[in-house]
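Asker: Here it is, the structure, as structure tokens.
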Amino acid sequence: MKLGINGLGRIGKLSLWHHVGRRHFSEIVANVGREIGTGLHDLAAAIDRDSTYGRLSGYLYGGCQNRRVIEELDDRAGTMRINGVPVKILREARNPKDIAWKDNDVRLVVDTTGVFNDPTADPDGPRGALRGHLQAGAEKAILSAPFKIKEKGMTMPEDAITTVMGINGDDYIPSKHSLISAASCTTTCLSYMIKPLLDHIGADNLLSASMVTVHAATGSQQVLDRLPDSGAKDLRKNRSILNNIILTTTGAAQALPLVIPEMQSIGFIAESVRIPTNTGSIIVLVLNIQDEINDPFKRDKINAIYKEFAETSSYLLYSEAHNVSSDIIGMPFAAAIIEGTETHTRTANIKVNLARVCAGEGQPERIDVPVTQAVIYAWYDNEFGSYTNMLAERTISIAEQMV
């Protein structure tokens with residue numbers, strides 16, 4: 001089976017790395033929609049080298065390898081062989097409906113461009129749409145970002161679903177779903193922080209939740225300050241990521257209930273801060289839990305829940321290693337790495353004024369409710385080790401269910 005990848009930016013290129021290493025697909029067809037540099041050799045050089053993760057050969061074979069893994073370049077045909085896997089580069093079309101998936105026998109496409117995120121958009125529209133991949137001959141399109149419906153009043157199409165491997169992967173129905181969002185790096189990590197606790201304490205006992213992701217820079221940010229575009233409302237997006245801590249937004253609060261439906265009934269706030277590092281991010285999660293009087297929800301109990309979950313899940317790691325962000329760059333196959341030494345809890349009796357929430361004779365005016373506030377930290381390599389690894393897992397699992 002062949003795999004199509006639309007876009008060779010950060011997520012597209014690193015997805016290519018994953019798949020030439022795994023060798024699950026017989027061929028990879030990657031669409032860039034334009035000429036790159038002076039020819040295919042320049043594109044091959046961009047694929048082979050990475051400022052964050054080093055050489056492709058080092059990833060494939062360990063250490064500081066410098067062996068040749070990209071061979072048999074044919075600029076006219078747009079073909080090469082990477083780690084023995086045939087790779088074809090398409091350079092003609094940017095609009096998904098015009099990409100030659102059918103001509104190249106591609107049935108499954110991963111769109112990593114970050115442009116086509118609306119599952120309701122018309123594939124014949126002037127700017128193209130994710131659904132255009134289906135019109136071009138693909139049977140399934142996986143999106144490496146959260147869905148974002150732009151038109152108010154539109155609902156999620158029945159053939160679209162958001163999944164995170166190991167959390168709600170079984171919600172995907174091959175006969176029903178043709179557009180699949182793999183959520184985001186932050187939502188993926190967050191889901192592995194929330195799910196173990198919900199399984200243990202139940203959603204009814206989780207009063208509220210909030211999170212902040214301290215997130216590495218992304219390609220959408222500016223290297224140097226520049227003037228805002230016409231109509232721009234957030235002037236911070238035009239400031240240099242090299243020199244600043246920048247407050248921004250995250251869609252994790254909207255995406256998480258699509259993956260963990262129980263979160264729909266829980267008050268949840270999600271914020272994001274961008275910092276001048278190239279990858280390696282951390283989520284600070286704060287939970288308010290209705291607790292037991294005689295058995296409060298202390299730090300050791302929370303860490304024990306994560307340790308137990310990590311023993312049965314290949315996507316969660318528990319660590320007491322006193323990590324810093326560079327330690328988790330490229331850490332393989334971990335959606336989240338719980339920093340167990342930094343789990344903190346505080347239990348107190350919260351006085352609730354019943355007169356403000358209900359009325360009735362014979363009721364006490366106030367009651368004391370034991371509430372534990374828990375602070376939990378989890379690292380994630382927002383590019384390679386966490387997100388594109390999880391995306392590759394999702395891609396292969398879908399391919400295996402296609403007949």
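Asker: Helix-only estimate, please: 222 nm mean residue ellipticity of the chain, summing -39500 (n - 2.57) across DSSP H runs of length 4 or more and dividing by its residues, to the nearest 500. Let's see the in-between values first.
Answerer: Details: 8 runs with 83 residues, N = 403.
That comes out to -6000 deg cm²/dmol.
Asker: Another question, if that's okay. Between Glu35 and Val286, what is 0.36 nm times their sequence separation minus the Cα-Cα distance? Round to one decimal in nm. Each step should come with its number before you reach the end.
Answerer: Working: separation 251, 0.36 × 251 = 90.36 nm, distance 4.70 nm.
Extra length available between Glu35 and Val286 comes to 85.7 nm.
Asker: Another question about this same structure. Holding the Cα-Cα limit at 19 Å, pick out from Lys88/Lys148; Lys97/Lys140; Lys195/Lys301; Lys13/Lys88; Lys2/Lys140 the pairs that are longer than that. Let's see the in-between values first.
Answerer: Numbers: Lys88/Lys148 30 Å; Lys97/Lys140 13 Å; Lys195/Lys301 15 Å; Lys13/Lys88 14 Å; Lys2/Lys140 12 Å.
Where the Cα-Cα span goes over 19 Å, the pairs concerned are Lys88/Lys148.
Asker: Test of understanding: extend the Cα→C-beta vector of Met154 to 7 Å, then name every residue of region 85-105 with backbone N under 19 Å from that spot.
Answerer: 95-98
Asker: Right, another one. Determine the dipole magnitude for the chain: charges of +1 sit on the beta-carbon of Lys and Arg, -1 on that of Asp and Glu, nothing else is charged, the reference point is the Cα centre, and the result goes in debye to the nearest 20. Can you show the working numbers first?
Answerer: Working: 41 positive and 47 negative charges, 208 e Å.
Roughly 1000 debye for the chain.
Asker: Continuing with this model, one more query. Put +1 on the Cβ of every Lys and Arg and -1 on every Asp and Glu Cβ in region 186-383; which of Asn323, Gly340, Ile241 then has its Cα farthest towards the positive end of the dipole?
Answerer: The one lying farthest along the dipole's positive direction is Ile241.
Asker: Can I ask one more? Describe numerically, in nm with one decimal, the distance between label points set 7 Å from Cα along Cα→Cβ at Glu311 and at Ser51.
Answerer: Roughly 4.4 nm, to one decimal.
Asker: Relative to the present Cα-Cα distance, how much length would full extension add between Arg226 and Arg366 at 0.36 nm per residue of separation? Please list the in-between numbers first.
Answerer: Working: separation 140, 0.36 × 140 = 50.40 nm, distance 5.57 nm.
Contour length minus the Cα-Cα distance gives 44.8 nm.
Asker: Rank these for me by crowding, Ile337, Ile36, Ile398, Ile350, going from fewest to most other beta carbons within 10 Å.
Answerer: Values: Ile337 26, Ile36 17, Ile398 21, Ile350 14.
Going from sparsest to densest Cβ surroundings: Ile350, Ile36, Ile398, Ile337.
Asker: Separation of region 189-252 and region 32-94 by C-alpha centroid, Å?
Answerer: So the two Cα centres are separated by 32 Å.
Asker: 7 Å from Cα along Cα→Cβ at both Ala77 and Ser210: what's the point-to-point distance in nm?
Answerer: Here the answer is 5.9 nm between the modelled labels.
Asker: Same structure, new question: Note down the relative contact order for the chain as a percent, whole number, built from C-alpha pairs under 8 angstrom at least six residues apart. Walk me through the numbers on the way to the answer.
Answerer: On the way: 844 pairs, mean separation 57.6, N = 403.
Dividing the mean separation by the residue count of the chain yields 14 percent.
Asker: In the Gaussian network model of the chain, springs joining C-alpha atoms below 10 Å, which of Ile329, Ile245, Ile99 carries the largest mean-square fluctuation?
Answerer: Maximum fluctuation in the GNM of the chain, among the listed residues, is at Ile245.
Asker: Considering the chain as a Gaussian network with a 10 Å cut-off on Cα pairs, which listed residue, Ala355, Ala216, Ala255, attains the greatest mean-square fluctuation?
Answerer: Looking only at Ala355, Ala216, Ala255, the biggest GNM fluctuation is shown by Ala355.
Asker: Then there is this: In the chain, if the dipole is taken from +1 on Lys/Arg beta carbons and -1 on Asp/Glu beta carbons about the Cα centre, which of Val284, Gly4, Val259 is farthest to the positive end?
Answerer: Projecting each Cα onto the dipole axis, the largest value belongs to Gly4.
Asker: Now a separate question. If you average the sequence gap of Cα pairs under 8 Å that are 6 or more apart and divide by the length of region 186-383, what percent do you get for the contact order?
Answerer: Numbers: 386 pairs, mean separation 52.9, N = 198.
Relative contact order, region 186-383: 27 percent.
Since every read-out is calculated from the coordinates, none of them should be taken as a lab result. In this text the structure is predicted, and so the values were computed from the model without any measurement. Here the Cβ is made from the backbone with ideal geometry for all residues, glycine too, and neighbour counts use every protein chain on show.
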